[in-house]
Structure formats: structure tokens, C-alpha cells
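The values are calculated or read from the model by the stated rules, or taken from the named source; none is laboratory data. Small disclaimer: the values here were computed from a predicted structure and weren't measured. Cβ placement follows ideal geometry from the backbone for every residue including glycine, while neighbour counts extend to all protein chains displayed.
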Amino acid sequence: MQRPEFDSISSFEEFSRYYWYRDELIKICREHGLKSDGSKIELNNIIRSYFDGDMIRPVKKPSRPKKPVAAALTPDTGLIACGFTFGNRFREFFREQTGEDNFKFNIDMVATAKSVKENGDESFTLGDLLDIYYGKKTYATYDRSALQWNRFVKDFCSDEATAIYKERLKAAAALWKIVRESDLPKEYSRGLLEKYKNMIGGTSKD
């Protein structure tokens, strides 16, 4: 029996009189915008529904959102707008801007970026942050006293001469108070300890 073209068949009963391979069923379904996966029985049922006026369409897979292409960074790029971090992308930008192969963010840049984000200052740019690096402008400064104290107490405790103190941290704090309230350099030295030993002597070992 000669098989007619699919589009000339008017009913599923007529369609069923002929033998169809699975590949042919898949092709028919695809050409008519029907769901084209499944077993031969499932494909036959899809074609039956087609003749009954029920178009069983393929389920569309949700498209994956396209990953936004990162815009090129320029000195005019807003710090908040570009999602600034202290990662490699931004380090590379400042390396190119400064020409310094071993570029490192300084503490005032860290303090400024934090403050800009907290303030929601969308006018602040990467060029402004570059000016912070060169000391051309000030936005927010790092609390250097905390940094100086950390270094002071580290150096104090590392000096074997301070082993005479039962509570080294307390002794370091007493000596730091003297230094902080004076015009002396804010750093520890053995000479500093000898000079003010009597003023912190109450914390030494018996």
C-alpha cells in the first residue's frame, strides 16, 4: 500500500493504516511544532492529539540569563557603579594607571572605599580613589593610631628586656600612654623603655 504524504492525511484513523518508523514520527512532530521526544507510543499519542485539534507543544527550557559583560574601567567609572572590590580586576586597573608592577592598595584607599559605600556616594570615581593613593585629596583616613599601637605592643613584647614585667600588655599600655601624649615618635625602642621604666615600674615582677 502506497503511503501518502502526512499533510494529505485527514484523520488519525487514516494515519494508523500505515507503518511509521520512530524517526519519521519525530520528523513529523518537529515539522509541525509538536513535542518530538519520547517513545514511539508517546509520539503516536502526540500525533493523535494533533488530529483532534490539541497541539502538544515541546516544553521550552528557561533560557539562562546572559552574564553581563563587565564594562571597561576608566578613571571616570563610579566606584559604586562598578561594584568596586580590592580584587585582581581593580588591582590590575590601578597597576596600569600608576605604572607600578607591585601596586598595593594603601590604608587610606581602604578607608575611603568603605566610607564611599557606607555613604552611598555615587559621584565618587576610580579617578578620585587614584587621587587618594597619590595624596592629592582626602575623603576618609585610616585610624593610624590603632596601627601604631599594634606595632608598638608587638615590638614591646618581642623585646626580651620587657620579660621583667608580669603583665607585659599592661606595661606596654602604660608606656604607650606616655608616648601617645607626647611629641615622641609613636614607636617602641629599648631606649624608650629605659627612659620611662620608673613610670611603669609598678607592673614589674618582684
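General remarks:
Matching residues to (1) in contact with a Pro (Cβ under 8 Å, 6 or more places away or on another chain); (2) over 30 Å from D7 (Cβ atoms); (3) modelled with pLDDT under 95; (4) surrounded by fewer than 16 Cβ atoms within 10 Å (Cβ to Cβ):
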| site | (1), (2), (3), (4) |
| --- | --- |
| N44 | no, no, yes, no |
| S49 | no, no, yes, yes |
| M55 | no, no, yes, yes |
| F90 | no, yes, no, no |
| E118 | no, yes, yes, yes |
| S123 | no, yes, yes, yes |
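- The residue pairs whose first member lies in the stretch 149-168 and is assigned by TED's automatic domain parsing to the domain that holds P185 and assigned to a helix (DSSP H, G or I), whose second member is surrounded by fewer than 16 Cβ atoms within 10 Å (Cβ to Cβ) and aliphatic (A, V, I, L, M), and whose beta carbons are closer than 9 Å, counting only pairs six or more residues apart or on different chains, are V153/L169; F156/L169; C157/L169.
- Criterion: assigned by TED's automatic domain parsing to the domain that holds T125, without any contact (Cβ under 8 Å) to a residue 60 or more places away in the chain and farther than 30 Å from N119 by Cα - qualifying residue of D23, D108, D37, D101: D101
- Test: residue in the stretch 129-141 that is modelled with pLDDT under 90 and not in a loop (DSSP other than H, G, I, E, B): no
Residues checked against (1) free of Cβ contacts under 8 Å to residues at least 24 places away in the same chain; (2) out of contact with any strand residue (DSSP E or B) (no Cβ under 9 Å at 6 or more places or on another chain):
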| residue | (1), (2) |
| --- | --- |
| K114 | no, yes |
| T125 | no, no |
| Y134 | yes, yes |
| A171 | no, no |
| W176 | no, yes |
| L193 | no, yes |
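- Filter pass, T98 being closer than 30 Å to T74 by Cα and surrounded by fewer than 14 Cβ atoms within 10 Å (Cβ to Cβ): yes
- The combined condition, being in the same structural domain as T138 (by TED's automatic domain parsing) and at pLDDT 90 or above, is fulfilled by I80.
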